[in-house]
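Visitor: Handing you this structure, nothing more for now.
The values are calculated or read from the model by the stated rules, or taken from the named source; none is laboratory data. Just so it is clear, the structure is predicted and the values come from calculations on it, not from any experiment. Quick reminder, even Gly has a Cβ in these numbers, built from the backbone with ideal geometry, and neighbours come from all protein chains shown.
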Amino acid sequence: MKNSVKCIIVDDEPKAIELLKDCIGELYSNIEVVSTHTSWNSALQALREQEFDLLLLDISIPGKTGIDLLNLLPGLSAEVIFVTAHSEFALNAFKFAPSGYVLKPLNDQQLSQAIDKALERIQHKKLAKQPPVASISSKIGIPNNKGTDYLNADDILYLEALNNCTKVVTRQGEITSSYNLGKFKTILEKHSFYPVHRSYLVNLNCITRYTANHGVVMVNGDELPVSKNVREDFLLNFEKVSRTD
């Protein structure tokens, strides 16, 4: 199945697996269930060896819990949706940042909401892994009171909204531009910039740390806040950032 999302289902009840497969088949033509498992040792082997994007995981598995299973897979990059009859494990499951925690008996709407969120995250990851296009190295024109400065996008560390103007912080210094931040978001949309806050647009390649206070530290030492509503999505970019020079 071309360009499909590969899915693995782990549940100790074969009937529950068939129900999930039926629901996925009816709701999503682009999801391919590549394997299913009713025991944790079989599941562990598959999760270590197979390529997949999405894991539907039950909490109650004979021998170990689904959470135990994930603890054995610290480098897992696939999206996880817990599908379980046990609501009391939700807090422990949260540390894995799942796309959903769906309670049995299955509700199609709740399941589809979780899967939609997972698919959005998966698409975001795939786009982040694509090589940059050639045009990404082009100069960016920054109008200011001295004229227009032309910079490579990679030389811009971050941009800060200043009323109707924008402070552009570069590797060499600062420029106050007459463009507002919204204009720069459009200009830089094909480059590695992310709106961590309504007042800040940061170059992902110039981040050195994500702090315990939910901020980012740039290569020049400036610390900027990350809004609560974008933190989860923003952190998906860190794998990409860590691979840059």
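Visitor: Inspect the range 99-119 for any residue being loosely packed, with under 14 Cβ neighbours inside 10 Å and in contact (Cβ under 8 Å) with a residue 24 or more places away in the chain and give the result as yes or no.
Guide: Yes.
Visitor: Right, here's the next one. I need the strands (runs of 3 or more DSSP E) fully contained in the range 31-137, keeping only those with at least 3 residues that are over 15 Å from the mean Cα position of the chain (by Cα) and modelled with pLDDT of 95 or more. Write out each step before concluding.
Guide: On the way: elements: 31-37, 54-57, 79-84, 100-103.
Answer list for the range 31-137: 31-37, 54-57.
Visitor: Looking only at residues in the range 178-199 that are in a loop (DSSP other than H, G, I, E, B) and among the basic types (Lys, Arg), which one is surrounded by the fewest Cβ atoms within 10 Å (Cβ to Cβ)?
Guide: Only one residue fits best here, namely Arg198.
Visitor: Look at Val217 and say whether it is crowded, with 18+ Cβ neighbours inside 10 Å and of a type in the set (Val, Ile, Thr). Let's see the steps before the verdict.
Guide: Values: crowded, with 18+ Cβ neighbours inside 10 Å: no; of a type in the set (Val, Ile, Thr): yes.
Spelling it out, it is not the case that Val217 is crowded, with 18+ Cβ neighbours inside 10 Å and of a type in the set (Val, Ile, Thr).
Visitor: For the structure I just gave you, tell me whether Gly141 is free of Cβ contacts under 8 Å to residues at least 24 places away in the same chain, under 21 Å from Cys23 (Cα atoms), of a type outside the set (Phe, Trp, Tyr) and surrounded by 11 or more Cβ atoms within 10 Å (Cβ to Cβ).
Guide: On the way: free of Cβ contacts under 8 Å to residues at least 24 places away in the same chain: yes; under 21 Å from Cys23 (Cα atoms): no; of a type outside the set (Phe, Trp, Tyr): yes; surrounded by 11 or more Cβ atoms within 10 Å (Cβ to Cβ): yes.
Considered against the rule, which asks whether it is free of Cβ contacts under 8 Å to residues at least 24 places away in the same chain, under 21 Å from Cys23 (Cα atoms), of a type outside the set (Phe, Trp, Tyr) and surrounded by 11 or more Cβ atoms within 10 Å (Cβ to Cβ), Gly141 comes out as no.
Visitor: From the set of residues in the range 1-12 that are modelled with pLDDT of 95 or more and of a type outside the set (A, V, I, L, M), which is farthest from Thr84 (Cα to Cα)?
Guide: By that ranking, first place goes to Lys6.
Visitor: Then there's this: Would you mind telling me which numbered condition in (1) touching an Asp or Glu at 6+ places or on another chain (Cβ under 7 Å); (2) of a type outside the set (Gly, Ala, Ser); (3) under 16 Å from Ser4 (Cα atoms) Ile61 fails?
Guide: Tallying (1) touching an Asp or Glu at 6+ places or on another chain (Cβ under 7 Å); (2) of a type outside the set (Gly, Ala, Ser); (3) under 16 Å from Ser4 (Cα atoms), Ile61 fails exactly one: (3).
Visitor: Also: Among the residues of the range 63-87, which ones are exposed (fewer than 15 other Cβ atoms within 10 Å of the Cβ) and among the hydroxyl-bearing types (Ser, Thr, Tyr)?
Guide: Initially, the range 63-87 is screened for residues exposed (fewer than 15 other Cβ atoms within 10 Å of the Cβ), giving 63, 68, 71-72, 74-75, 77, 85, 87.
Matches in the range 63-87: Ser77, Ser87.
Visitor: Please list, ordered by first then second residue, the pairs with beta carbon atoms under 8 Å, 6 or more apart or interchain, first in the range 214-238 and more than 19 Å from Ser99 (Cα to Cα), second of a type in the set (Gly, Ala, Ser).
Guide: Once the first residue is more than 19 Å from Ser99 (Cα to Cα) and sits in the range 214-238, its partners that are of a type in the set (Gly, Ala, Ser) give Glu223/Gly215; Leu224/Gly215; Pro225/Gly215; Val226/Gly215.
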